[in-house]
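Below: the structure, in structure tokens.
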Amino acid sequence: MSPPHIPEDLIATLRSARRVVASTGAGVSAESGVPTFRDALTGLWAKYDPMKLGTPEAFEEDPKLVWDWFAWRRQLVQKAAPNPGHVALAAFPEHFEDFTLVTQNVDGLHRQAGSKNVLELHGNLFRFRCHDCGVRVDAIDDGEGAPRPPACAVCGGRVRPDVVWFGEGLPEDVLSRAFTAAREADVLFSIGTSAVVYPAASLPEIALSSGVVVVEVNPTPTPLTPHATHVLQGPSGEILPAILAALEGPNLT
Ligand code: BV8
Ligand code: ZN
């Protein structure tokens, strides 16, 4: 199958861009076999609503259930590998003076693909903290018979994944760095996100209001689609390598 066509005017814009931001959602990991947040409930989890399970209330009501859902997602991600989309993004910094990668994903696949300084807006499945005293927990015992969730060694409270649940604030410094990058960019890519979860979904909005060129990469339309400067409709695992190939190719202009 021929690689997707990338419009010449977009390539020209990218060639002259100095500051570029890529903001990704679960769709960039779909071709790695990691289900998106809404699809992350198959099998025995199908009867749960992620919007309800991914909340502090659900954890407080049934810590073991929420712990087990995240343990299930961790083992899914551990079987996954970065796909060509992650790998292409890891090479983007070579083509721009200043490149920032922001992600809503908690799967760590960007870093695994070689991306550096990834701004993880919603935390990471493989980091843990105590829900009760907030202390960071570097290692957990999730062997047979270990308590689920583990007990905090400092306060005896409930250890949880270091991710941001609905109704919880995002890490302030990460969010403000993402906002600044979106405001000051020449180009912002919105890749594999349904663009409905805030404040992450405000990044392309901030970019557009600052006159930044916004490029959406997604197989299906989202609320951002009508406003984006360029819309590349298709899977990121094919489109991102095609963009990189065009950037690496001869400058025909
Ligand atoms: C907060 C981590 C306040 C955990 C997640 C009413 C209006 C507006 C806002 C709100 C509202 N009511 C409540 C809110 C706030 C709420 C919110 O935005 N709700 C929305 C749903 C209305 N936001 C919050 O609660 C945030 N916190 O506001 O707190 C506050 C402030 C200060 C102090 C205290 C409190 C917290 C939000 C973070 C929640 N945590 N994840 C975990 O992962 O378990 S969100 C989670 O869902 C994901 O991280 C992602 O961000 C989001 C969406 O998930 P998905 O749908 O799976 O992924 P995505 O959106 O990326 O969609 C997949 C896309 O990929 C699709 O478009 C698909 O077409 C595309 N795709 C598929 N295949 C491919 C592809 N694309 C490319 N290539 C492919 N091959
Ligand atoms: Zn504690």
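Summary table below
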| item | result |
| --- | --- |
| Long-range HN-HN contacts of residue 100 with modeled amide H, under 5 Å | 20, 21, 22 |
| Chymotrypsin sites (Phe, Trp or Tyr not before Pro) restricted to the range 33-117 and DSSP loop, no more than 16 other C-beta within 10 Å | 48 |
| Förster radius 35 Å - calculated FRET efficiency between residue 112 and residue 5, Cβ distance, rounded to 0.05 | 0.75 |
| Those lysines that a straight Cα-Cα span of less than 24 Å connects to residue 52, excepting residues fewer than 8 apart in one chain | 64 |
| In sequence order, calculated HN-Hα J values of the range 95-102 (Karplus, 6.51, -1.76, 1.60; Hz; x Gly/Pro) | 9, 9, 4, 9, 10, 10, 10, 10 |
| DSSP beta bridges in the range 1-137 [antiparallel fraction, %, rounded to 5] | 20 percent |
| Inter-site label distance for residue 172 and residue 151 at 7 Å from Cα along Cβ, in nm | 3.3 nm |
| Mean residue ellipticity (222 nm) of the chain, computed from DSSP H runs ≥ 4 via -39,500 (n - 2.57), nearest 500 | -9500 deg cm²/dmol |
| In order through the range 134-149: 3J(HN,Hα) via Karplus (6.51 cos²θ - 1.76 cosθ + 1.60), integer Hz, x for Gly, Pro | x, 4, 6, 10, 7, 9, 10, 9, 10, x, 3, x, 5, x, 10, x |
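Any read-out appearing in this document is the output of simple, stated calculations on the displayed coordinates, not a laboratory observation. Because the structure is predicted, anything quoted here is derived from the model rather than measured. Every residue, glycine among them, receives a Cβ derived from its backbone with ideal geometry; neighbour counts consider all protein chains shown.
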